[in-house]
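Below you'll find the structure, written out as structure tokens, and then a few comments.
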Amino acid sequence: MPSHDDLLFLAMLHTGFCALMRLGELSFPDDTSICDWRKITRRSSVHLSDEHYEFTLPSHKADSLFEGNKIMIMANQFGVNPLHHFHRYLASRDAKMPLA
């Protein structure tokens, strides 16, 4: 059974590749004093279906109007299924920190 960190890494790798996202849009800095909380993707913005998953990227470097973007990742892109890895990570995450 892969560790939670392994599941997170695989989910980030597949999401970043399929959505052409930057590492800064996928990760959280160790030093919270430099973290911009307005740019953090919230778990509550994630929507899952059998064909895709989507989430809201609230703000990012190239978002001059600060409107955010909806990121949608389809299953079975480029011969891989990022949805499978994302589901496994979310199941592990939600088991550790259930939504209130």
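A few points about this structure:
- Packing-based exposure ordering (other Cβ within 10 Å, fewest first) of Cys35, Cys18: Cys35, Cys18
- Candidates Ala19, Ala11, Ala75: whichever shows maximal mean-square fluctuation once the chain is modelled as a Gaussian network with Cα springs under 10 Å: Ala19
- At q = 0.14, 0.20, 0.25 Å⁻¹, base-10 log of I(q)/I(0) for the stretch 1-59 (Debye sum, equal scatterers on each alpha carbon): -0.45, -0.92, -1.28
- Around the amide H of His52, modelled in the peptide plane, lie the amide H atoms of Ala75, all under 5 Å away and 5 or more residues distant in sequence or on another chain.
- Full extension of the chain between Asp63 and Glu51 yields a length gain of 1.6 nm, computed as 0.36 nm times the residue separation minus the alpha carbon distance.
- Taking the chain as a Gaussian network of alpha-carbon nodes connected by springs under 10 Å, the highest mean-square fluctuation of the residues Glu54, Glu67, Glu25 belongs to Glu67.
- Nitroxide proxy distance, nm - points 7 Å out along Cα→Cβ at Arg42 and Asp5: 2.9 nm
- Here the Kirkwood formula puts the hydrodynamic radius of the chain at 14.4 Å, using every distinct Cα pair.
- Label-point separation, Asn81 to Leu20 (7 Å along Cα→Cβ), nm: 2.6 nm
None of the figures in this text is laboratory data; all of them are computed from the coordinates on show. Note that the coordinates shown come from a computational prediction; the quantities given were computed from them, not determined experimentally. Here the Cβ is made from the backbone with ideal geometry for all residues, glycine too, and neighbour counts use every protein chain on show.
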